[in-house]
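Undergrad: Encoded as structure tokens, here's the structure I'll be asking about.
The values are calculated or read from the model by the stated rules, or taken from the named source; none is laboratory data. Keep in mind the model is a prediction, meaning the values are calculated, not measured. Ideal geometry is used to build each Cβ from the backbone, glycine not excepted, and the neighbour counts take in all protein chains shown.
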Amino acid sequence: MLEREIVIRFTWASVVRALCLSPAVVIPLCLLLYLPWGSANAPAWVQAVGSIAAIIAAWLIPYQHEQMRARKQKEDLLASVAWLAFRVKNSFDHMAGVIDRSEPDDRNRWLFLSQPNSWVIHRDAAREFPLTGFTSDEIALLLSLRSITEFGVSCAETLRTWDFDHSPHLAHDFPHNEGIVFHRPQIDWVLRQLSRDVPHQDHA
């Protein structure tokens, strides 16, 4: 599967906000505000509040870590989907250009660059992405990307075996022209949606 490196940054404001909303902080703080400080039992009350805070933290911290891990994993997957979609668009535009020009030399250069194999790699990578843990809109993007790569493999195989001696007018006679017209805007749509949904990323 394609991988991208993600850098997550926390600001002081976000850290303070998280702490202020955390039950491990809010509950003990409320108890401390209402403690009978003038009582002889004040030290025992402080110890009790500390114990309560420790119990809450012992439950809350692992839960928050799991939430952060799941969120980070999803962000990584979406970044990988976006990177694959970008590569698929480049391969799609290259293949469509070869078909439009209808030149045997262009097709031979395309074959030399192992473009049919690239489409198989794209398709297999798209199949690896799980559909669990995503929203319905994100699943629609993944399914669209899978459909595009499946079509790309079929298109590439037809172009690979095209006989220019028998049919020199490739652009006119290519059997998948309607599919190209349909899928070309589809990959652009997938990229637009992913660029909107994937959080800001910086290379380390």
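Undergrad: Any residue in the stretch 95-118 that is crowded, with 16+ Cβ neighbours inside 10 Å, farther than 26 Å from ALA79 by Cβ, among the hydroxyl-bearing types (Ser, Thr, Tyr) and touching a residue at least 60 places away in the same chain (Cβ under 8 Å)?
TA: Scanning the stretch 95-118 turns up at least one residue that is crowded, with 16+ Cβ neighbours inside 10 Å, farther than 26 Å from ALA79 by Cβ, among the hydroxyl-bearing types (Ser, Thr, Tyr) and touching a residue at least 60 places away in the same chain (Cβ under 8 Å).
Undergrad: From ARG107, ARG101, ARG71, which residue is out of contact with any helix residue (DSSP H, G or I) (no Cβ under 8 Å at 6 or more places or on another chain) and on the phi < 0 side of the Ramachandran plot?
TA: ARG71
Undergrad: Moving to a separate point now. With the structure loaded, tell me whether LEU78 is part of a helix (DSSP H, G or I), surrounded by 18 or more Cβ atoms within 10 Å (Cβ to Cβ), at pLDDT below 95 and not aromatic (Phe, Trp, Tyr) or whether it fails that test.
TA: The answer is yes for LEU78.
Undergrad: Of the conditions (1) assigned to a helix (DSSP H, G or I); (2) surrounded by fewer than 14 Cβ atoms within 10 Å (Cβ to Cβ); (3) not polar (S, T, N, Q), GLY133 satisfies every one except a single condition; which number is it?
TA: The failed condition is (1).
Undergrad: Residue under question is ILE56, and the condition is that it be of a type in the set (A, V, I, L, M), surrounded by 12 or more Cβ atoms within 10 Å (Cβ to Cβ) and either outside any helix (DSSP H, G or I) or at pLDDT below 90 (or both); does it hold?
TA: The answer is yes for ILE56.
Undergrad: Just name the residue that is surrounded by the fewest Cβ atoms within 10 Å (Cβ to Cβ) out of those in the stretch 168-178 that are touching a Phe, Trp or Tyr at 6+ places or on another chain (Cβ under 9 Å) and in a loop (DSSP other than H, G, I, E, B).
TA: It comes out as HIS176.
Undergrad: Got a sec? Which of GLU138, GLU103, GLU128, GLU157 is among the acidic types (Asp, Glu), over 19 Å from the mean Cα position of the chain (by Cα) and within 24 Å of VAL190 (Cβ to Cβ)?
TA: GLU157
Undergrad: Can you tell me which residue among LEU159, LEU145 is surrounded by 12 or more Cβ atoms within 10 Å (Cβ to Cβ), modelled with pLDDT of 95 or more and under 18 Å from GLU75 (Cβ atoms)?
TA: LEU145
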